[in-house]
Amino acid sequence: MNNTIIIGSGPAGLTAAVTCAENGVDVVVIDEYMIAGGRLLGQLYEEPNGSWWNGIKESTTLYEKAINLGVKFHFNTAVNNIEQSNGLWVVYTEKDTFYTSNLLLATGAAESPVPVPGWTLPGVMSVGAAQVMTNVQRVKPGERGVIIGVNVLSAVIAMELQLAGVEIACLTLPKRNRITMKAGDPRKVLDSLLHVSHMAPSPFVRYGSKLMKNDFMKKLGVNFYPKKGVKMWDIPIQLRKAVTKIYGEDEVEGVTLATINADGEVVSGSEEHIPVDFVCIAGGLYPLAELAAVAGCPFYLVEELGGYVPLHNERMETPLEGLYVAGNITGIEGAKVAAAQGTTAGLSMAHRSGIKGLDNTINDSIKMTEQTRNSAPIQFHPEIEVGRKKILQQWEAYQSTKRESICY
Amino acid sequence: MTRRILDHPILGKIEDKNYVSFTFNHKVYKGLENESLAAALLANGIRTLRHHEESGSPRGFYCNIGHCYECRVSVDGQQGIRACLTPLKEGMIAESSGQLQTSSKEDGGLENE
Amino acid sequence: MKEDEMIICRCEEVSYEELETAAAKYKCSARELKLRTRAGMGYCGGRSCRTMVDKIAAASANDQNRTCVSLKYQPPIRPISFENLGRGR
Ligand SMILES: Cc1cc2nc3c(=O)[nH]c(=O)nc-3n(C[C@H](O)[C@H](O)[C@H](O)COP(=O)(O)OP(=O)(O)OC[C@H]3O[C@@H](n4cnc5c(N)ncnc54)[C@H](O)[C@@H]3O)c2cc1C
Ligand code: FES
Ligand code: FES
C-alpha cells in the first residue's frame, strides 16, 4: 500500500512528487521512459532575458531534489491500466501491481500527425522524435531534413536541430485534405503564426536580435507569401508550398514539394524533388489521457486545450475520489505551467492525506499557475485561458447536477 | 559513420567512452551504454527496425517516446520491446524478426474508441 | 503513391480512401468507423491515428457537436506480452 503514486515523471509529475515529499507524504513515481524529465528533457530555447532553458538540467535538478527527499522511482515501467477498488486505486504495470490512496496522472501529451503519402518509411518521424534524438540521445536524426507542418513546436524544434548542426531544407505545409485541413491552409497557418506574435517575447519570433518579431511578421504579412518563402534563423519557411509525397525505396530519399495557391490547392506541374534523409511530421499535440479514460473520468472536448481533457478543477482534482491530474493531460501548455500545476496537485494530495493548514498554500499555488501561464515563454494555443475557463465551467455544471441528483 | 553530436554549442560535450557491444539481426555493433537502443542503431546508420507483419513494409522509430510502438523489436528473447525506451547494455541481443503475441485482438483488448 | 492510398492507421495499414469511403457510406461515429475499418485497433491502441480518424468521422457524421463524452478506452492501454499475462494481477 502506498500513500501517493504519480504516473509520469515530466515537469508536472516531478514537481508534484517534490511537493508531496516536502510535506511529509510518501511518494512513488512510475514512468515508462528510461530517465526522469518527460518531454522537458528535450527542451532547449533562449529565455527573454537571454539565458538558455536547458531541459536536461531542469530535469536533473528536479529529479535529484526528489531523490534527496526520499521519493522512489520506477523507470521503464509502463502502466497499462488503473481501477478503483475498495476506496483504493490499483495501478497495473506489466510486472507489478501497486495500491494507493492518492493517484496523480501526469502522463503529458502525445503528438497528432498530419498524414503524407509515404510517411511510414523509415526516416520519417514526428518532430518531437527528432528533438529527443538530437537533444537527449545526441544522435542526429539525419544530415538534412524537411519539416512538414508549421506551428510553434515545429519552429522551435527546427531551431534546435539547426543549433546541433542538422540542416533543415525547409519548414513547409502538408498537402491539404480532410485531415490536414487547417494545417494545409496557408491563410490559417499564417493566422495562427500571427497570433503567436501577439504574445510576450516568444522564442518563435525572437532568436538573437537579428530578426525582431515585427520585422519577421511584416515580411510575412506585407509580401503575403513571397515565392521564395521567408527565412527564420536562416531556415526557409514555405507557406506556399506543400509536400505531396515522401519517396524512397526502403528509407527516405526525398520529398516532392509542390507550389500551392492561397487556398492550399496544388498548382499542377510545380512539383520538384528535394533530396533529404529524414522528414519530420508536425501536427501538434493533444492531451494523453487514456488512463483517465479507463478509470471512467468524464471528458470534455476543449479545442483550446488541444482535445479531450478529463474533467478537473483548479485544485487538480477529478470527480473520482483520490484521482488527480496535472500537466499536459489537462491541456497543452509549456513546461513551466505543467510544473505549477504539479505543485497544486502535490499540495491537494498532501491535504487529502491529512496534512493540515494547506488551504492558503493551495490557493496561492493556483494563483501562481495563472501568473506562470500569463508570462509563459511558449504558448501552444492563443486562447488557452478561454479553454481553462470552459473546463472550470463544466466542473461547476457537473457538481451542480450531482447535487441536484442527490436532492431528488 | 559519425552521426553523434559529441559537442553541442549550448548543451556541451558528452562522454563517448562507455562503448558496449550489442547484436542486431545477428550483426555486432557498438553503442554507448544506456543510450536508447533506437539511438544506438541510428548512430550505426540503421533506420529499419522491423517490417510490417502483413504488408512487409519497412518501419523505423516514429515517436521516439513510447507511444507508437513502431520501433518494437525483440530484446534478449523478449518480444514487443520498444527500442526507443530500452537502455543499451553490453551483450544485448536485439532482433527485428518475430511476430508478437498479445492479449489484444481475440478478446478485443485493444478496442479503443 | 497517390493520396488515396496514403496510410492513416500505421498499425493496421488502413488507407485514407478506405476511411473516407466508410465514413461517406455510413456517416457513422468515430467508434463505428474504427470497428468497420480496424483503424485505431492496432498495436498502439490508436495513439498515433486516433485524432485523424476522429477528424474523418467528424467531417461526415451527424453528431459533430458532441463536446461531453465518456472517452472509450479499453485496458490494457499498453499491450501485455503473453509471458506476463496474469502475473501480478
Ligand atoms: C514531443 C513533444 C515535444 C515537446 N516540446 C516542447 C518544447 O519544446 N517546449 C515546451 O514548452 N513544451 C514542449 N512540449 C509540451 C510538453 O508536453 C510540456 O512542456 C511538458 O513537458 C508537459 O509536462 P507533463 O509533466 O505534463 O508531461 P510530460 O513531460 O510529457 O511527461 C509525461 C511522462 O509520463 C510518462 N507516461 C505517459 N504515459 C505513461 C504510462 N502509461 N505509463 C508510464 N509512464 C507514462 C511519459 O513517459 C513521460 O515521461 C512538448 C511535448 C511533446 C509531446
Ligand atoms: S518510436 Fe514510437 S514507441 Fe518507439
Ligand atoms: S496507428 Fe492506428 S492503431 Fe496504431
**Fill in**
Where a ≥ b ≥ c are root eigenvalues of the Cα gyration tensor, a/c under 1.5 meaning rounded, otherwise prolate if a/b exceeds b/c and oblate otherwise, the protein assembly as shown counts as rounded
**Prompt:** About the Cα centre of chain A, what is the dipole size in debye to 20, counting +1 per Lys and Arg Cβ and -1 per Asp and Glu Cβ, all else neutral?
**Reply:** 1020
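Once you charge only the Cβ atoms, +1 for Lys and Arg and -1 for Asp and Glu, what is the size of the charge dipole of segment A:287-396 about its Cα centre, to the nearest 20 debye?
My answer is approximately 240 debye.
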**Message:** Please list B:LYS89, A:LYS241, A:LYS389 from largest to smallest accessible area, probe radius 1.4 Å, with all protein chains kept in place.
**Reply:** A:LYS389, B:LYS89, A:LYS241
**Request:** Provide, in order from the shortest bin, the percent of all Cα-Cα pairs of segment A:225-383 in each 5 Å bin, continuing until the bin that contains the maximum pair distance.
**Result:** 2, 8, 12, 14, 13, 10, 9, 9, 8, 7, 4, 3, 1, 0, 0
**Asked** Along the positive direction of the dipole of the protein assembly as shown (beta-carbon charges: Lys, Arg +1; Asp, Glu -1; about the Cα centre), which of A:TRP89, A:ILE148, A:ASN3 reaches farthest?
**Response** A:ILE148
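Keeping all protein chains in place and using 1.4 angstrom, which order do C:ARG10, B:ARG3, A:ARG39, A:ARG240 fall into by accessible surface area, from largest down?
Largest to smallest exposure gives the sequence A:ARG39, A:ARG240, B:ARG3, C:ARG10.
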**Item:** Most positive-pole-ward Cα, A:ALA292, B:GLY56, B:SER74, against dipole of the protein assembly as shown from beta carbon charges
**Value:** A:ALA292
**Item:** Residue order for A:VAL90, A:VAL267 - accessible surface, 1.4 angstrom probe, largest first
**Value:** A:VAL267, A:VAL90
**Prompt:** Once both axes come from the Cα atoms, what is the angle between helix A:186-197 and the longest principal axis of chain A, in degrees from 0 to 90, rounded to 10?
**Reply:** 60
**Request:** Give the accessible area for A:THR259 in Å² (nearest 10); use a 1.4 Å probe, count only protein heavy atoms, and leave out ligands, DNA and RNA.
**Result:** 30
**Fill in**
Rounded to the nearest 10 Å², the accessible area of B:LYS17 using a 1.4 Å probe with every protein chain kept is 150
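The values are calculated or read from the model by the stated rules, or taken from the named source; none is laboratory data. No experiment lies behind these values; they were computed from the predicted model shown. Heads up, the Cβs are rebuilt from the backbone with ideal geometry, glycines too, and the neighbour counts pull from every protein chain shown. In case anyone asks, the SASA skips ligands and DNA or RNA and just uses the protein heavy atoms, side chains included. Shrake-Rupley method; radii C 1.70, N 1.55, O 1.52, S 1.80 Å.
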